[in-house]
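**Student:** Have a look at this one.
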Amino acid sequence: MTQLEQVKKAVAFINKKTKNFKPEIALIAGSGLGNSIPRLDKKIVLPYEKIPHFLRSTVPGHSGNLVFGLYKGRKIVVMQGRFHYYEGHPMKDLAISIRTLFMLGVKKLIVSGAVGSLDEKLTPGSICVLNDHINFMANNPLINNYDPSFGPRFFDLSKVYTKSLRQITLAACKKVKIKAKEGTYFAVTGPNFETPAEIRAFKTLGATVVGMSVVPEVLVAAQCGLEVLGLACVTNLACGIAKEALSHAQTISETKKIEGKFKSLLETILPKL
Ligand code: HPA
């Protein structure tokens, strides 16, 4: 079965369950951020395992649900829990969920994720609003995965992180008192955290923050013409800059600390996007 056929099956199932809800904004809630979702009206929850051809998340801190609902009249869908390359999913399968969102009618995608910061001023609890990325995963979900229904094979990435969405977000961060700065996401496969030498190298290459997700999703979204907002939640200073050893437990506990403010941020920006 082609990926287009898989996506069409997922879309048909979802449209039936949601009575053709047609969300306009999608939000991918990263590690530990599943509880930062604003309260949605007329909520419909579809577990990933019920949706044909959807993948399943396997990481603690990532529940797996597609949540539909209204926030102040805006039609939202949330991916509560995401899929990572390091879980063993084939890279091209990471395109399925994003292409499904596109075919459901989504126009704007907010991608959040936990990151380590290479900028000492972006301390845990702050947000790096992404203005660019470096794909260091040595792979791409669009390889051997072309279908004109999902956009052109070759496409431009010079404006992939939409400027107006970044501006709205930076202003909202001030309002809800979150330290925030624009920067470049450096994508690695994980699952290990980096070495101090890698972090020094990545800094030379232009990284602001480093993480193990975001970029595959953004590439798929950009191909099908979605506007993208990337919100990197800093859970730690990167290896060698941080004084302590890094752990997933720390990632989760730091995101728990940000949860409340991150929720306020989303509540502030969603009606404005
Ligand atoms: N490196 C990579 N991914 C991460 C980190 C990190 O330091 N922190 C949270 N996700």
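The values are calculated or read from the model by the stated rules, or taken from the named source; none is laboratory data. Worth saying up front: this structure is predicted, and the values here are computed from it rather than measured. Positions of Cβ are generated from backbone atoms using ideal geometry, with glycine treated the same way; all protein chains shown enter the neighbour counts.
**Student:** Filter the stretch 256-273 down to the residues that are touching a Lys or Arg at 6+ places or on another chain (Cβ under 8 Å) and in a helix (DSSP H, G or I) and list them by number. Lay out the reasoning, then the answer.
**Tutor:** Residues of the stretch 256-273 that are touching a Lys or Arg at 6+ places or on another chain (Cβ under 8 Å), as a first pass: 261, 268, 270-271, 273.
Passing the criteria: LYS261, THR268, LEU270, PRO271.
**Student:** Any residue that is within 8 Å of the ligand (Cβ to nearest atom), farther than 25 Å from ILE168 by Cα and in contact (Cβ under 8 Å) with a residue 12 or more places away in the chain - is there at least one of those in the stretch 210-225?
**Tutor:** Taking every residue of the stretch 210-225 in turn, at least one turns out to be within 8 Å of the ligand (Cβ to nearest atom), farther than 25 Å from ILE168 by Cα and in contact (Cβ under 8 Å) with a residue 12 or more places away in the chain.
**Student:** What do you reckon, is ALA201 surrounded by 24 or more Cβ atoms within 10 Å (Cβ to Cβ) and either under 13 Å from the mean Cα position of the chain (by Cα) or at pLDDT 95 or above (or both)?
**Tutor:** Answer is no for this residue.
**Student:** Related question: Looking only at the stretch 181-201, which residues are in a helix (DSSP H, G or I) and within 11 Å of the ligand (Cβ to nearest atom)?
**Tutor:** Quick first cut of the stretch 181-201, residues in a helix (DSSP H, G or I) only: 196-201.
Hits for the stretch 181-201 are GLU198, ILE199.
**Student:** Any residue in the stretch 137-149 that is at pLDDT 95 or above and within 14 Å of the ligand (Cβ to nearest atom)?
**Tutor:** Scanning the stretch 137-149, I find at least one residue that is at pLDDT 95 or above and within 14 Å of the ligand (Cβ to nearest atom), so the answer is yes.
**Student:** Determine, yes or no, whether LEU101 is under 17 Å from the mean Cα position of the chain (by Cα) and either surrounded by fewer than 16 Cβ atoms within 10 Å (Cβ to Cβ) or not in a strand (DSSP E or B) (or both).
**Tutor:** Yes.
**Student:** What are the residues in the stretch 223-255 that are in a loop (DSSP other than H, G, I, E, B) and either closer than 20 Å to GLN80 by Cβ or acidic (Asp, Glu) (or both), if any?
**Tutor:** Pass one, the stretch 223-255, residues in a loop (DSSP other than H, G, I, E, B): 224-226, 238-247.
Hits for the stretch 223-255 are LEU226, GLU244.
**Student:** If you don't mind, there's one more thing I want to ask. Do we find that ILE110 is closer than 30 Å to SER264 by Cβ, of a type outside the set (Asp, Glu), out of contact with any Lys or Arg (no Cβ under 9 Å at 6 or more places or on another chain) and not in a loop (DSSP other than H, G, I, E, B) in this structure? Walk me through it before giving the result.
**Tutor:** Numbers: closer than 30 Å to SER264 by Cβ: yes; of a type outside the set (Asp, Glu): yes; out of contact with any Lys or Arg (no Cβ under 9 Å at 6 or more places or on another chain): yes; not in a loop (DSSP other than H, G, I, E, B): yes.
Taking the combined requirement at face value, the residue satisfies it.
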